[in-house]
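As structure tokens, the structure follows; a few thoughts come after it.
Since every read-out is calculated from the coordinates, none of them should be taken as a lab result. For clarity, every value in this text was computed on a predicted model and none was experimentally measured. Heads up, the Cβs are rebuilt from the backbone with ideal geometry, glycines too, and the neighbour counts pull from every protein chain shown.
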Amino acid sequence: MKIVKNIAIVVLVVLIIMQFFGPDKNEGDMSAVDAFIAETNPPADVHDILKTTCFDCHSNNTTYPWYNNITPVNYWLADHIEDGKKHFNASAWESYSVKKKDHKIDELIEEVEEREMPLPSYTYAHGDANLSDEQIEAVVAWGKMVRAKYSTELALE
């Protein structure tokens, strides 16, 4: 019994020490998504959806919840954000080729239609990120319009 108590104390001390360290935060400027917004021109409702459900993990600026100050949760969130940006980063939109932009919007449509995005772990903590059927339809319709524009550009190349 004494060994279990000692292990528990060591684990507690390690957790306390870990609170003083953490991953780098994804705190950029929201203006970094301006190029994405200007080029894809989402209607106001879709812009709000993107801001509420996508940009925390898919841009260079995250609005962190209070629990991000707790280790190891902050490492878990940092991993999610890093992975999200690897798949699609609205802040890096200008660096994408037209073909890559078209592909990213196609993936966005697919993920939203299949309710794979936003992630359940995100919507659990952010209730306003749960998309209704109407919101999904709006995002998909916008995405298809954006893809039509890119298809035209690709055809001209």
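Most exposed first by the Cβ proxy, i.e. fewest other Cβ within 10 Å, how do Tyr67, Tyr122 rank?
Numbers: Tyr67 10, Tyr122 18.
Going from sparsest to densest Cβ surroundings: Tyr67, Tyr122.
Of the residues Ala38, Ala138, Ala92, the one that moves most in a GNM of the chain with alpha-carbon contacts below 10 Å is Ala38. Each residue in Leu156, Leu119 was given a count of other beta-carbon atoms within 10 angstrom of its own, and listing them fewest first yields Leu156, Leu119. The 3J(HN,Hα) values that the Karplus relation (6.51, -1.76, 1.60; θ = phi - 60°) gives for region 27-41 are, in residue order, 10, x, 10, 4, 5, 5, 8, 4, 5, 4, 5, 5, 6, 8, 6 Hz. Gly and Pro appear as x.
Which of His80, His58 has the fewest other C-beta atoms within 10 Å, and how do the rest follow up to the most? Show your work: numbers first, answer last.
On the way: His80 16, His58 25.
Result, fewest neighbours first: His80, His58.
Under a 5 Å amide H cut-off, with hydrogens placed 1.01 Å from N, Asn61 pairs with Gly28 among residues at least 5 apart or on other chains. Of the Cα atoms belonging to the chain, the radius of gyration and Dmax stand at 19.5, 75 Å.
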